[in-house]
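Novice: Before I ask anything, here is the structure I am working with.
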Amino acid sequence: METPYLLSKITQSALDLKAINLFQFDMEGKSSLTDYMVVCHGTSTAHVQGIADRIAFDLKKDGLLPLGIEGYNEGTWILLDFNAVIVHIFLEETRKLYNFEELFQDYPSKSFE
């Protein structure tokens, strides 16, 4: 699956479930871990888990499973690893604590408010 399509599909799936303050960070050529990072948050652990479920479900229809999922049971910070795109879905309080926007402020980004 081409990275632009993957990134678009992840973003749309998250937005379909009302993910809040979604950002895409372009890390291509700057990170050995991934090409893009998607960051968003939900209003409750159920919302955070629902966003993760929707992304995984929509991509599974295209035959793509995440390489790894972390934090699902706790639901405060879920990481989905799709290799070229890593997704971080937070509870708002947890997102504020880690402040990814400041941490990755030097990377090109796109916001979906």
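The values are calculated or read from the model by the stated rules, or taken from the named source; none is laboratory data. All values reported here derive from a predicted model rather than from experimental measurement. Methodologically, a virtual Cβ is constructed for each residue, glycine included, from the backbone with ideal geometry; neighbour enumeration extends over all protein chains shown.
Novice: Where residues in segment 84-113 are over 12 Å from the mean Cα position of the chain (by Cα) and under 15 Å from Leu7 (Cα atoms), which of them is surrounded by the fewest Cβ atoms within 10 Å (Cβ to Cβ)?
Specialist: Ser111
Novice: Where residues in segment 70-113 are aromatic (Phe, Trp, Tyr), assigned to a loop (DSSP other than H, G, I, E, B) and touching a residue at least 24 places away in the same chain (Cβ under 8 Å), which of them is farthest from Ala19 (Cα to Cα)? Step through it out loud before you land on a result.
Specialist: To start, the set of residues in segment 70-113 that are aromatic (Phe, Trp, Tyr) comprises 72, 77, 82, 90, 98, 100, 104, 107, 112.
If we keep only those that are assigned to a loop (DSSP other than H, G, I, E, B) too, we end up with 72, 82, 104, 107.
Next, only the ones that are touching a residue at least 24 places away in the same chain (Cβ under 8 Å) stay: 82, 104, 107.
Numbers: Phe82: 18, Phe104: 20, Tyr107: 21 Å.
Taking the candidates together, the pick is Tyr107.
Novice: For the subset of segment 89-105 comprising residues that are at pLDDT 90 or above and among the acidic types (Asp, Glu), which member is nearest to Leu15 (Cα to Cα)?
Specialist: Of everything passing the filter in segment 89-105, Glu92 is nearest to Leu15 (Cα to Cα).
Novice: Now for a separate question. Of these, Gly50, Gly75, which one is over 13 Å from the mean Cα position of the chain (by Cα) and among the small types (Gly, Ala, Ser)?
Specialist: Gly75
Novice: Go through segment 56-113 residue by residue and tally those that are in contact with a Cys (Cβ under 9 Å, 6 or more places away or on another chain) and aliphatic (A, V, I, L, M). Steps first, answer last, please.
Specialist: We begin by selecting, within segment 56-113, every residue in contact with a Cys (Cβ under 9 Å, 6 or more places away or on another chain); these are 87-90, 95, 112.
Imposing the further condition that a residue be aliphatic (A, V, I, L, M) reduces the set to 87, 89.
Here the count works out to 2.
Novice: Hey, another quick one. Filter segment 24-44 down to residues that are among the charged types (D, E, K, R) and in a loop (DSSP other than H, G, I, E, B) and give me whichever is surrounded by the most Cβ atoms within 10 Å (Cβ to Cβ).
Specialist: Asp35
Novice: Any idea how many residues of segment 2-26 are hydroxyl-bearing (Ser, Thr, Tyr), farther than 22 Å from His47 by Cα and free of Cβ contacts under 8 Å to residues at least 24 places away in the same chain?
Specialist: Step one: filter segment 2-26 for residues hydroxyl-bearing (Ser, Thr, Tyr), giving 3, 5, 8, 11, 13.
From the residues that got through so far, the ones that are farther than 22 Å from His47 by Cα too are 3, 5.
Now narrow it down to the ones that are free of Cβ contacts under 8 Å to residues at least 24 places away in the same chain: 5.
Count: 1.
Novice: Please go through (1) in contact with a helix residue (DSSP H, G or I) (Cβ under 9 Å, 6 or more places away or on another chain); (2) within 16 Å of Glu93 (Cβ to Cβ); (3) buried (at least 17 other Cβ atoms within 10 Å of the Cβ) for His47 and return the number of the only condition it doesn't satisfy.
Specialist: (1)
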